[in-house]
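Take a look at the following structure, please.
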Amino acid sequence: MDLYRILAASSLGMQAQRSRMTVVTSNLVNAETTRTPEGGPYKRRDVIFQTMPLEDPAGFTSMTVGFTERPSGLVAVEVAGVRESAKAPKKIYDPSHPDADAEGYVAYPDINVMEEMADLMSAVRSYEANLAVFNATKGLVRKLLDIGRQ
């Protein structure tokens, strides 16, 4: 397998997980936000991932014909978009709150902090796994270059 494709795949994985961490952090920060510029409470957001074909960076595989196997169908991950939750906000009775409606209920985002923390931990672990693959591959490339110098 082409080492540069491994570097590209793990790099794209880290970028996707960083986007996921940013969105989850935004959800956590806005868990109590009852008023947004669009009106109403903050809406929980989710990152949507999709696969993408992993191209040969800089045509490296074509330069090494006969030296490496030619893998086909390699894919990486990328962020396809961010979607807002369609769930209705939580209504909590608090007539003294400035955003209370006529009946005294305040609309809060439907965000489960524990679920968001679990999602954040999952994103961090996925990022760390991609980083470990990237660093291991980088070490292999360095060793190959050292062998080539001798």
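Of the numbered conditions (1) in contact with a strand residue (DSSP E or B) (Cβ under 8 Å, 6 or more places away or on another chain); (2) at pLDDT 90 or above; (3) exposed (fewer than 15 other Cβ atoms within 10 Å of the Cβ), PRO53 satisfies every one except a single condition; which is it?
Condition not satisfied by PRO53: (2).
What are the residue pairs meeting all of these: first residue in the range 28-55, first residue closer than 14 Å to GLU84 by Cα, second residue of a type in the set (Ser, Thr, Tyr) and in a strand (DSSP E or B), Cβ atoms under 7 Å, and 6 or more apart or on different chains?
Between residues of the range 28-55 that are closer than 14 Å to GLU84 by Cα and residues that are of a type in the set (Ser, Thr, Tyr) and in a strand (DSSP E or B), the close pairs are PRO41/TYR108.
Which residues, counting only those in the range 78-97, are under 16 Å from VAL47 (Cα atoms) and either hydroxyl-bearing (Ser, Thr, Tyr) or surrounded by 14 or more Cβ atoms within 10 Å (Cβ to Cβ) (or both)?
GLU78, VAL79, VAL82, SER85
Looking at (1) surrounded by 12 or more Cβ atoms within 10 Å (Cβ to Cβ); (2) at pLDDT below 95, which is the one condition that is false for ARG44?
That leaves (2) as the condition not met.
The values are calculated or read from the model by the stated rules, or taken from the named source; none is laboratory data. Bear in mind that the values here come from a model prediction, so they are computed numbers and not experimental data. Cβ sites come from the backbone with ideal geometry, for glycine too, and all protein chains shown count toward neighbours.
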